[in-house]
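S.K.: Let me begin by handing over the structure; questions about it come next.
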Amino acid sequence: QVQLVESGGGLVQAGGSLRLSCTASGPTFSTYIMGWFRQPPGKEREFVSAVSQSGGSTNYADSVKGRFTISRDNAKNTLYLQMNSLKPEDTAVYFCAASAKWYIGVVSNDYNYWGQGTQVTVSS
């Protein structure tokens, strides 16, 4: 079992930056593919980005490509999402998730464990 806790959300103006963190409990963090999802107000949860166990492979949604960077520090059991050039449409609750799959999944069902989420609000 992996417990995930996100932090780093907040209110930022359009064009600004935020860095989200997700800290995992337990000694097996490095064995999981890790991902970020988000749920905008009134909408379904959507894939944002994911990273392989070693950090060597990543995947991004088209809407964030070139603006967001996912990374992980396995020694610290922590996943990051650096978000630059934020837009009002990035406003959402952001969730980190852990997957035991062998591939980098882009749908919620590919992920086994979830954090509670952190709010990101981008003002125009």
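The values are calculated or read from the model by the stated rules, or taken from the named source; none is laboratory data. Just so you know, these numbers come straight off a predicted model, no measurement behind them. Note that we place each Cβ from the backbone using ideal geometry, even for glycine, and neighbour counts take in every protein chain shown. Keep in mind that these areas ignore ligands, DNA and RNA; they rest on the heavy atoms of the full protein, side chains included. Shrake-Rupley method; radii C 1.70, N 1.55, O 1.52, S 1.80 Å.
S.K.: Within the range 92-106, can you find the residues that are out of contact with any Lys or Arg (no Cβ under 9 Å at 6 or more places or on another chain) and open to solvent by less than 60 Å² (accessible area, probe 1.4 Å)?
M.R.: Within the range 92-106, Cys96, Ala97, Ala98, Ser99, Ile104, Gly105 meet the criteria.
S.K.: Moving on to the next point. Among the residues of the range 1-31, which ones are farther than 16 Å from Ala92 by Cβ, in a loop (DSSP other than H, G, I, E, B) and not hydroxyl-bearing (Ser, Thr, Tyr)?
M.R.: Gln1, Val2, Gln3, Gly15, Gly26, Pro27
S.K.: Let me ask something additional. Test Asp110 against the stated conditions and say whether it is touching a Lys or Arg at 6+ places or on another chain (Cβ under 6 Å) and open to solvent by less than 60 Å² (accessible area, probe 1.4 Å).
M.R.: So Asp110 passes the test.
S.K.: Name every residue in the range 95-117 that is part of a strand (DSSP E or B) and among the polar types (S, T, N, Q), in order of residue number.
M.R.: Once the filter is applied, which keeps residues that are part of a strand (DSSP E or B) and among the polar types (S, T, N, Q), the range 95-117 yields only Ser99.
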